[in-house]
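Take a look at the structure below.
The values are calculated or read from the model by the stated rules, or taken from the named source; none is laboratory data. It should be emphasised that the depicted structure is a prediction, and the values quoted were computed from it without experimental measurement. A quick note on method: Cβ atoms are made from the backbone with ideal geometry, for glycine too, and the neighbour counts reach across all protein chains shown. For accessibility, only protein heavy atoms count, side chains too; no ligands or nucleic acids. Shrake-Rupley method; radii C 1.70, N 1.55, O 1.52, S 1.80 Å.
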Amino acid sequence: LTFQKLDVYRCSIDFAAIATDLCKAIPRGHAELRDQLRRAAFSVPLNIAEGTGRVTAADGARHFAIARGSAMECAAVLDVVRLLGVGTDEQHRQAVELLGRMVAMLSKLPGSRWGVVGHEYEHEHEHVNEHEYDDDHVYV
């Protein structure tokens, strides 16, 4: 499937794996943080996949914008769980690096920029899925 070749999708899966490990280390009494990180981390690849499969540019753009927002939410939750001493320096560094890459790529996808989702955008950009391809990846 096309979305599985997107570099942003692959980064989101790598981040979800790190987030899953971090969730296991969140101490008792902070279940809400565990749930928030898990839901936000899983939201990113799911919305990328769904956005790629949408027919209209506006509909796809809405899902890319949601994915970007979820990635930003993950960054905030990471800051909070870091205060609790959860995770290693390397896990935190990798997670932040992946989130930065995802947000940058999602910001380049149609409609994921601040509030640029809707009717006027659809006329300006008719093809959501125009990406550069090589044999193994799609680069946004």
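Could you say which residue among Gly69, Gly60 is open to solvent by less than 10 Å² (accessible area, probe 1.4 Å) and under 17 Å from the mean Cα position of the chain (by Cα)?
Just one listed residue meets the conditions, Gly60.
Would you mind stating whether Val86 is part of a loop (DSSP other than H, G, I, E, B), surrounded by 14 or more Cβ atoms within 10 Å (Cβ to Cβ) and touching a residue at least 24 places away in the same chain (Cβ under 8 Å)?
So Val86 fits the description; yes.
Given the options Leu78, Leu46, name the one that is in contact with a Leu (Cβ under 8 Å, 6 or more places away or on another chain) and of a type outside the set (Asp, Glu). Break it down stepwise before answering.
On the way: Leu46 fails: in contact with a Leu (Cβ under 8 Å, 6 or more places away or on another chain).
Answer to the selection: Leu78.
What is the number of the single condition among (1) closer than 20 Å to Gln94 by Cβ; (2) at pLDDT 95 or above that Ala49 does not meet?
(1)
This table checks each residue for (1) of a type in the set (A, V, I, L, M, F, W, C); (2) in contact with a Pro (Cβ under 8 Å, 6 or more places away or on another chain); (3) closer than 23 Å to Asp89 by Cα; (4) at pLDDT below 95.
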position: Cys11; (1), (2), (3), (4): yes, no, yes, no
position: Cys23; (1), (2), (3), (4): yes, no, yes, no
position: Ile26; (1), (2), (3), (4): yes, no, yes, no
position: Pro45; (1), (2), (3), (4): no, no, no, no
position: Arg54; (1), (2), (3), (4): no, no, no, yes
position: Ala58; (1), (2), (3), (4): yes, no, no, yes
position: Arg68; (1), (2), (3), (4): no, no, no, no
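I'd like the full set of residues that are under 25 Å from Leu84 (Cβ atoms), surrounded by fewer than 22 Cβ atoms within 10 Å (Cβ to Cβ) and not aromatic (Phe, Trp, Tyr), limited to the stretch 41-57.
Ser43, the sole residue that qualifies.
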